[in-house]
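The values are calculated or read from the model by the stated rules, or taken from the named source; none is laboratory data. Treat the numbers as computed from the prediction; the structure is a model and nothing was measured. Here Cβ is always computed from backbone atoms with ideal geometry, including for glycine, and neighbour counts include all displayed protein chains. SASA here: full protein model, heavy atoms, side chains in, ligands and nucleic acids out. Shrake-Rupley method; radii C 1.70, N 1.55, O 1.52, S 1.80 Å.
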Amino acid sequence: MEIKSIKKLKLYGFNNLTKTLSFNMYDICYARSPEHRQAYIEYIDEEYNAERLTNILTEVANMIGANILNIAKQDYDPQGASVTMLISEGKIAADELEENELSDPQSDAVVAHLDKSHITVHTYPESHPDKGISTFRADIDVSTCGEISPLKALNYLINSFSSDIAIIDYRVRGFTRDVSGKKFYIDHKINSIQNYIAPDTRELYQMLDVNVYQENIFHTKMILKEFDLDNYLFGTAKGELLPGEKKKIKQRLKKEMSEIYAGRNIPKVK
């Protein structure tokens, strides 16, 4: 969906609004044995290593029309990865960027770059020691300052991680002034993050909004509607399981997903 501006603002100086899009994305699976759980973590760790994450964030920067200033990336031992990317709205000349990178960390040029925008991602593969549940969480933040909006990358990020659950926050902070001195606390129309999610994606997920309009805070939770056990087994085929075992695994998976979606532990019903 197109991001519609309220109107063409004639600003006094730079657009100082900060727009932040934050994700928690979860992939859930059942790994029957300790070997399968370790194999799942290794698979996820390789699938979403720092190099792959850097490519995803680079595409995000291109989509929102940002200029990449600096990239820091790290694969962790035993698992997980992080990438941080500093970006700016305006184009930076190559000779200026090279000079600024070599300058003193306290220089005005470097501080100006840090004041602009950033994109970060951190991954957290983990498994339950007893119940066979393994999860992969990716935390993503796209924070921009100026006219560019992170909402342009919303669908690309959702599709890049093919998540079972996504918890999304969008917030506009600060204010900017027009030429008459009037303050504006938002520069585009929005009443729900859902409005910016592609229709075919919306069809796949059950969604819930918790919005605080007067504070320009928007929150959407998504969980897949359909549940097929085959899609959640790692290292084991559904045909290898006994009927009672299938039922127990399905209950464990659904409980795990419900708790993550609700953001709280759900007591066992006796």
Original post:
Taking only pairs six or more apart or across chains, which ones have beta-carbon atoms under 6 Å, a first residue in region 249-270 that is modelled with pLDDT of 90 or more, and a second residue that is aromatic (Phe, Trp, Tyr) and in a helix (DSSP H, G or I)?
Top reply: Leu253/Tyr232
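Is at least one residue of region 56-79 under 20 Å from Ile148 (Cβ atoms), of a type in the set (Gly, Ala, Ser), assigned to a helix (DSSP H, G or I) and open to solvent by less than 10 Å² (accessible area, probe 1.4 Å)? Walk me through how you get there before you give the answer.
So in region 56-79, the residues under 20 Å from Ile148 (Cβ atoms) come out as 56-71.
This time we only want the ones that are of a type in the set (Gly, Ala, Ser), so: 61, 65-66.
Subsequent filtering for residues that are assigned to a helix (DSSP H, G or I) retains 61.
This time we only want the ones that are open to solvent by less than 10 Å² (accessible area, probe 1.4 Å), so: 61.
Yes, the conditions are met somewhere in region 56-79.
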Original post:
Within region 252-268, is even one residue β-branched (Val, Ile, Thr), open to solvent by 80 Å² or more (accessible area, probe 1.4 Å) and on the phi < 0 side of the Ramachandran plot?
Top reply: no
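Mind checking which residues of region 212-251 are open to solvent by less than 70 Å² (accessible area, probe 1.4 Å), within 27 Å of the chain's Cα centre (by Cα) and either of a type in the set (A, V, I, L, M) or within 22 Å of Ile41 (Cβ to Cβ) (or both)?
Going through region 212-251, the residues open to solvent by less than 70 Å² (accessible area, probe 1.4 Å) turn out to be 212, 216-224, 227-229, 232-238, 241, 244-246, 249.
Right, trim to within 27 Å of the chain's Cα centre (by Cα) and you get 212, 216-224, 227-229, 232-234.
Across region 212-251, the qualifying residues are Val212, Ile217, Met222, Ile223, Leu224, Leu229, Tyr232, Leu233, Phe234.
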Subject >> Candidate set from region 229-270 (those that are touching a Lys or Arg at 6+ places or on another chain (Cβ under 9 Å), of a type in the set (Val, Ile, Thr) and part of a loop (DSSP other than H, G, I, E, B)); member that is nearest to Ala31 (Cα to Cα) >> reply: Thr236
**OP:** Would you be able to say whether some residue in region 95-118 is open to solvent by less than 10 Å² (accessible area, probe 1.4 Å), at pLDDT 90 or above and not basic (Lys, Arg)?
**Re:** no
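Pick from Ile193, Ile148: which is buried (at least 20 other Cβ atoms within 10 Å of the Cβ) and free of Cβ contacts under 8 Å to residues at least 60 places away in the same chain?
Details: Ile148 fails: free of Cβ contacts under 8 Å to residues at least 60 places away in the same chain.
None of the others qualify; the one that does is Ile193.
From Ile158, Ile168, which residue is in contact with a helix residue (DSSP H, G or I) (Cβ under 8 Å, 6 or more places away or on another chain), open to solvent by less than 30 Å² (accessible area, probe 1.4 Å) and not in a strand (DSSP E or B)? Can you show your working first?
Details: Ile168 fails: not in a strand (DSSP E or B).
The match here is Ile158.
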Original post:
Which of the residues belonging to region 44-65 are closer than 19 Å to Asp27 by Cβ, in contact (Cβ under 8 Å) with a residue 24 or more places away in the chain, out of contact with any Leu (no Cβ under 8 Å at 6 or more places or on another chain) and of a type outside the set (Phe, Trp, Tyr)?
Top reply: Ile44, Asp45, Asn49, Ala50, Leu53, Leu57
